[in-house]
Amino acid sequence: MLPFLALFGLCFLAPIVYAVYQSLLRVERTGPLGLGGETKEVWAGLSNYAHALQDDRFTAGFVRVLIFGAVQIPVMIALATALALLLDSASARWVGFFRTSFFLPYGVPGVIASILWGFLYVPGISPLVEMAHSVGWDVDFLDRSTVLWSIANIVTWQFAGYNMLVLIAQLKAVPEDLYEAAKIDGANAWQVARHIKLPLIRPALVLTTVFSIIGTLQLFAEPMVLRPLTNSIDSGYTPNLAAYNEAFTSNNQHIAAAEAVLLALVACVLSFGFLRLVGQRGGPEGGAGRASGRRGGAPRGGGEESGP
Amino acid sequence: MSANPPNDHRTGRRAVLGGSAAVAAGLALTGMAGLTGCGSDGDGGDEPKGRKEGEKVTLTFWSWVPGIDKSVDLWNSRNPDVRIKLEKVSAVNGAQYAKMHASIKAGNPPDLGQIEYPVVPSFLLDNGLADLTKYGVRAQQGKFVGWQWQQSVFGEGVYAVPQASGPMGLFIRQDLFDRWEVEPPATWDDYAAAAKEIRRRDAWIETFSPTNGNRFAGLAWQAGASWFGTAGDAWTVSVDDEPTRKVADYWEALVRQKLVKTIPDRQNAWYKDIQTGAMTSWLGASWGDALLVGNAPRTAGKWRVVPMPQWKKGEAAYANWGGSTTAVFAHSRYPKDALAFAVWLNTDPESIKLLIEGGYGFPAAKGGYRTADLDVHKDFFGGQEYSSVFAEAGRGVDTSWKWGPAVDTLYQRLGDSFTEALAEGDSFRSVLKTVQRATVQDLKDKGLKVESG
C-alpha cells in the first residue's frame, strides 16, 4: 500500500494541493516600477476566484463548452453506439478491419488532428469548402457561428471510434444464451439490439458519457490550433484555453490556478451530477438486465420514462 | 554545492524541461519545490561566483533564430573554455516565452535566451534577467544602434544585448500595380485610393489582421503614439491616445468600405492569397523578405519594396515590427561569460555574416556589415536593392517608443477586442477604450503601480 500511497500523493494529490495553494496567493512587487525589487507572494484570499468569475471571457467560455457538450456528446455517443451495434451484428468478415479503422483517429494526437482538419476548413485551400461553393453552398467553417461545430466535428471524428471500442468490449461480454433465448422468442435483430444489447451496455454508455463530459470541459488543443487560422476564437474561448493564456501569455499563475480549480470543480459537479441522474433512474429497479425496455435512447442521458 | 561539477545538477533538471512536456514538467517541478520547501522563489538568489581562470564551463542558450547554430559553432571553435550549448525552442504562439517563464519559476532557466524587444519588460517583472551593467555592458553601447539599445534599458539597468530589428516597409506586387496603373502609395491617402482601385480589379490590397497586435503597434508607433511610459514610480499606459485613434479610424474606414480583407495574416489562406496575387501588398518588416520568398516562390521577380506610406506627404516616420535581443538570465552562474558571448554573437563581423545568411533580421550592430549584405533575396525583388529601403526606415523609427510589462497580454486583448468589433460592428475606438482599461487593470493585477496616460 505504501508505494501506491507515495505515488498517489506525489503525482495526484500534490499538484492539486499546490494548485489550490497557488490560487490563494498573489504577487506583490517593490522597487522602482516594480522592477528589480523584491517579488513577494502574499495571501490573496479568494480574490483570484472573484477575478476569474468577473472575467466575461472566462465565464463565456464555460457557457460555450456547456452548449458544445449538450450537442456534441449525445451525437457522438449515439454515433459510437450505432457503430458498435452495427459492427457487433455484422458478419464476421472485415469486422477487425472496420473496428481498427474507426479507432484509428483516436491514435492521431489532438493537435495533429486539428491541423489536419484546419486545412480542410480554411477557405481558399480546402477542397471541402471549394466543393460546397461549387454547388452554391456558401459555407465558412471558421465563421463565428460555425467554428464551434467545426471543433465538435474534430472531436467527434477523434473520439467516436474510441467510445465505440469501449461499447464493443462490453457487448462482447454479453452472454450468448441471452441472444439465443431472444432468437427462440422470435426477436429480430432490431429487437435484440433495443431490448437486450442497449440495456446491457448501459454501464459502458454511462462511462463514455462521463469521460466525454470531462473531455468537453477540458477542450483545449482544437481551439488552440485553429485560433491562428480565424478571427472567431478568442483567447478565452474555452476555460482551459483561458487558464493557459492566463498562465503562459500573461504570466499570472495565481489567477490561472484559480481558473483551473474552478474548471475542476465544474467538471466534478457535472460528472457526479450525471452519475447521480442516471443512477437514480436505473438503480432502484435492480440490475441492468431488468431495466430492459425502460431506456430506448440511452445516450440522451435523460431517456424517456415508460414505467416498470 | 561547490563540490559538484559546475552544471550537472542543473543540466539534469533542464533536460527534463527540454522535453515535449516542458510545461507540465515545469509545473510539476514547481509543485514539488513548493511542497518540499527547497525551491527558489526566483528572487535572484546568491550573487553568481563567476568562472575561475582556466575553468571550462558550458552555457545553455535558448533560441529559435534560423542559422544561429552556425554562429554558435564558430564561437565554440574559438572559445574552448566557454562552450555554448544551443537549444532550439519553438517560437509558435509564444511557446518559447511560456517555457522561459516556467523555467524561471522552476528556478532553472538557461544562461542565455532569445527575447524579443516587446517582452523584455515582462521578464523583468519575473526578475528573470540579469542587470548587465554589473558586468560592464555599458562599454559596449557604442557598438549598437541607439534606439535598439534603448529597448532594453529600464531605469539604471541594461537587461539585454540587442540583436536585430524589423524596420517596416511595404512589399508590393509591382507587376500588378503596373498592369492596373496603380502608383505605389506614398501617403495613407494614396494607400486608400490604391485599395479602391485594386478592389475594382477583383483583388485586395491587404488584410487588416485583427489578431496581429504586433503590426498594429507598429502602425500606432509610426503615427506618433506612445503606449507605455513611466512617471516616477508608476507605469503609464496610453493605448487610447490621439495618434492611435487616428490609426484605428483609418483602418476602420477601410474595413467598413470592404477595401481590405480581415483574415489573419501569415496563415494558410493568406499565403494562398499572396501566391495567387489575390492580395497585392503586405505591410511587413525587413525579415518579411524570407517569408515571401519561402512561401510564394512562383512570384519571384514580381515583388518590390517601397517605404511605408506616410501620414503627411514628405515625412519620414517609420516603425518597427519584431526584432529581438540576447538576454542573460538572472540565474546564470557565469553572467560575465554569457555577456561576452552575447556581445560577440551580435557584433562580430563573421557572426553577423552567418546570421544574415540565416535571415535573422536587420542587425542591431552598427558595424560589421553593409546594407547590401542584407539583400539576400535580390532576385526575388527584381534586382532591387531593397535593404536600403529598410535601412532608411530604421533611421526614421521614433526612438522614444517604450514597451511596458505584459505586452503579450495587451496583444491578446487587442486581438480579442478587434475580432469582436468586426463581428459586432463596434467602432475601433471602442476597442482602444476597452484595451486601455483592461491593460491598466492587468498591470495592477501584477502588483504594479500604474496610471492612465
The lone exception for residue A:174 - which of (1) touching a Leu at 6+ places or on another chain (Cβ under 7 Å); (2) part of a loop (DSSP other than H, G, I, E, B); (3) modelled with pLDDT of 95 or more it fails: (3)
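Picking from B:269, B:290, B:278, B:285, which residue would you name as being among the hydrophobic types (A, V, I, L, M, F, W, C), free of Cβ contacts under 8 Å to residues at least 40 places away in the same chain and within 30 Å of residue A:126 (Cβ to Cβ)?
Details: B:290 fails: free of Cβ contacts under 8 Å to residues at least 40 places away in the same chain; B:278 fails: free of Cβ contacts under 8 Å to residues at least 40 places away in the same chain; B:285 fails: free of Cβ contacts under 8 Å to residues at least 40 places away in the same chain.
Going through B:269, B:290, B:278, B:285 in turn, the sole match is B:269.
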Scan of segment A:83-94 for residues that are loosely packed, with under 14 Cβ neighbours inside 10 Å and of a type in the set (A, V, I, L, M, F, W, C), ordered by number: A:86, A:90, A:92, A:94
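Could we say that residue A:143 is charged (D, E, K, R), within 14 Å of chain B (Cβ to nearest Cβ) and over 14 Å from the mean Cα position of the chain (by Cα) here? Before you say what the answer is, go through the steps one by one.
Values: charged (D, E, K, R): yes; within 14 Å of chain B (Cβ to nearest Cβ): yes; over 14 Å from the mean Cα position of the chain (by Cα): yes.
Yes; evaluated as a whole, the condition is true for this residue.
For residues in segment B:117-148 being charged (D, E, K, R) and more than 14 Å from chain A (Cβ to nearest Cβ), which is nearest to residue A:31 (Cα to Cα)? It would help to see each step written out before you state the result.
Quick first cut of segment B:117-148, residues charged (D, E, K, R) only: B:126, B:131, B:134, B:138, B:143.
Among the residues that remain, those that are also more than 14 Å from chain A (Cβ to nearest Cβ) are: B:138, B:143.
Numbers: B:138: 22, B:143: 30 Å.
Filtering first and then ranking leaves B:138.
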Residue list for segment B:379-395, restricted to those being under 16 Å from residue B:291 (Cβ atoms) and either free of Cβ contacts under 8 Å to residues at least 12 places away in the same chain or not in a helix (DSSP H, G or I) (or both): B:386
Within segment B:67-90, tally of residues that are closer than 20 Å to residue B:345 by Cα, surrounded by fewer than 16 Cβ atoms within 10 Å (Cβ to Cβ), in contact (Cβ under 8 Å) with a residue 24 or more places away in the chain and small (Gly, Ala, Ser): 1
Residue in segment A:1-20 that is nearest to residue B:445 (Cα to Cα), counting only those that are within 11 Å of chain B (Cβ to nearest Cβ) and surrounded by 14 or more Cβ atoms within 10 Å (Cβ to Cβ): A:19
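So for segment B:389-402 (the condition being of a type in the set (Val, Ile, Thr) and surrounded by fewer than 16 Cβ atoms within 10 Å (Cβ to Cβ)), does at least one residue qualify?
In the first step, residues of segment B:389-402 are kept if they are of a type in the set (Val, Ile, Thr); the result is B:389, B:397, B:399.
Next cut, surrounded by fewer than 16 Cβ atoms within 10 Å (Cβ to Cβ) only: B:399.
Taking every residue of segment B:389-402 in turn, at least one turns out to be of a type in the set (Val, Ile, Thr) and surrounded by fewer than 16 Cβ atoms within 10 Å (Cβ to Cβ).
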Conditions (1) of a type in the set (A, V, I, L, M, F, W, C); (2) within 19 Å of residue B:331 (Cα to Cα); (3) within 14 Å of chain A (Cβ to nearest Cβ): number failed by residue B:95: (2)
Unmet criterion (only one of (1) within 14 Å of chain A (Cβ to nearest Cβ); (2) crowded, with 18+ Cβ neighbours inside 10 Å; (3) in contact (Cβ under 8 Å) with a residue 12 or more places away in the chain) for residue B:229: (2)
Search result, residues across segment A:112-141 that are surrounded by fewer than 13 Cβ atoms within 10 Å (Cβ to Cβ), of a type in the set (Gly, Ala, Ser) and not in a helix (DSSP H, G or I): A:136
Matching residues in segment B:138-173 - criterion: being of a type in the set (A, V, I, L, M, F, W, C) and either part of a strand (DSSP E or B) or in contact with a Leu (Cβ under 6 Å, 6 or more places away or on another chain) (or both): B:144, B:153, B:154, B:158, B:161, B:164, B:168, B:170, B:171, B:172
Helices (runs of 4 or more DSSP H) lying entirely in segment A:1-111 (those with 2 or more residues that are farther than 19 Å from residue A:260 by Cα and over 24 Å from the mean Cα position of the chain (by Cα)): A:2-7, A:56-89, A:95-107
Residue under evaluation residue A:236, criteria (1) assigned to a helix (DSSP H, G or I); (2) surrounded by 24 or more Cβ atoms within 10 Å (Cβ to Cβ); (3) at the interface with another protein chain (Cβ under 9 Å from one of its Cβ atoms), criterion not met: (1)
Looking only at segment B:376-412, and only at residues there that are within 21 Å of the chain's Cα centre (by Cα) and of a type in the set (D, E, K, R), the one that is nearest to the other protein chains (Cβ to nearest Cβ): B:408
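Yes/no per residue for (1) within 16 Å of residue B:244 (Cα to Cα); (2) within 13 Å of another protein chain (Cβ to nearest Cβ); (3) in contact (Cβ under 8 Å) with a residue 60 or more places away in the chain; (4) touching a helix residue (DSSP H, G or I) at 6+ places or on another chain (Cβ under 9 Å):
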{"residue": "B:414", "(1), (2), (3), (4)": "yes, yes, yes, yes"}
{"residue": "B:420", "(1), (2), (3), (4)": "no, yes, no, yes"}
{"residue": "B:432", "(1), (2), (3), (4)": "yes, no, yes, yes"}
{"residue": "B:443", "(1), (2), (3), (4)": "no, yes, yes, yes"}
{"residue": "B:446", "(1), (2), (3), (4)": "no, yes, yes, yes"}
{"residue": "B:451", "(1), (2), (3), (4)": "no, yes, yes, yes"}
Residue A:29 of a type in the set (D, E, K, R), surrounded by 18 or more Cβ atoms within 10 Å (Cβ to Cβ) and modelled with pLDDT under 90: yes
Exclusive hit being farther than 24 Å from residue B:420 by Cα, within 23 Å of the chain's Cα centre (by Cα), within 14 Å of another protein chain (Cβ to nearest Cβ) and not charged (D, E, K, R), set B:235, B:270: B:235
Tally, over segment B:396-420, of residues that are in a helix (DSSP H, G or I) and β-branched (Val, Ile, Thr): 3
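The values are calculated or read from the model by the stated rules, or taken from the named source; none is laboratory data. The model shown is predicted, which means the values in this text are computed figures rather than measured ones. When we count neighbours, we look across all protein chains shown, and the Cβ atoms used for this are built from the backbone with ideal geometry, even at glycine.
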